[in-house]
Amino acid sequence: STRLFLKLGDDRRRSFTVLIYPASAAWHPMSETILQLHDSDGRTIEQAPVPIACSGSAMVWPHELFGDAALRRAGAGGYVIVRDATCRLFGFHGLMDDAGGFSLDHMFGF
């Protein structure tokens with residue numbers, strides 16, 4: 001199973017994540033990945049499925065998945081939890097600005 005934390009961006013930078021469903025042998029054909037948008041008090045604002053093919057990956061931009069209005073409701077301390085009970089995911093997360101500057105870090109599921 002997987003539980004990952006994704007920090008949201010701010011007025012200058014958008015957050016993103018690349019989720020990877022690695023497999024050395026056949027497993028579930030698609031993950032049952034759910035992204036949950038939370039506010040700073042831990043309340044769930046919205047959730048959305050992001051199925052990922054076995055041995056595949058998905059790039060997710062929270063502002064595209066949930067929309068800017070939902071991100072405003074989540075507020076400055078909002079965050080996203082990536083949850084999957086069917087497989088272990090890993091990937092990368094970061095922030096990108098309009099000029100193309102970015103940060104990037106590795107994330108492990110647990």
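Helical content of the chain, expressed as a calculated mean residue ellipticity at 222 nm, amounts to -2500 deg cm²/dmol (DSSP H runs of 4 or more residues, -39,500 (n - 2.57) each, divided by residue number, nearest 500).
For residue 45, the residues 5 or more places off, or on other chains, whose built amide H falls under 5 Å of its own are 37, 38, 39.
Counting Lys and Arg as +1 and Asp and Glu as -1 over every other residue whose Cβ lies under 12 Å from the Cβ of residue 97, the net charge comes to 0. Taking N as the residue count of segment 18-110, its C-alpha radius of gyration divided by 2.2 N^0.38 Å amounts to 1.14. Solvent-accessible area of the chain (1.4 angstrom probe, protein heavy atoms only): carbon and sulfur portion equals 55 percent.
Between the amide H of residue 30 and those of 54, distances stay under 5 Å, these residues lying 5 or more places away or on another chain, with hydrogens modeled in the peptide plane.
Excluding ligands, DNA and RNA, the accessible surface per residue across the chain is 57 Å² with a 1.4 Å probe. In a simple Cβ point-charge model (Lys, Arg +1; Asp, Glu -1; nothing else charged), segment 67-110 has a dipole of about 260 debye relative to its Cα centre. If only the Cβ of Lys and Arg carry +1 and only the Cβ of Asp and Glu carry -1, the dipole of the chain around its Cα centre is close to 220 debye.
The values are calculated or read from the model by the stated rules, or taken from the named source; none is laboratory data. Treat the numbers as computed from the prediction; the structure is a model and nothing was measured. As a convention, Cβ positions derive from the backbone with ideal geometry for all residues, glycine included, and neighbour counts pool all protein chains shown. These accessible areas exclude ligands, DNA and RNA; they are computed on the full protein's heavy atoms, side chains included. Shrake-Rupley method; radii C 1.70, N 1.55, O 1.52, S 1.80 Å.
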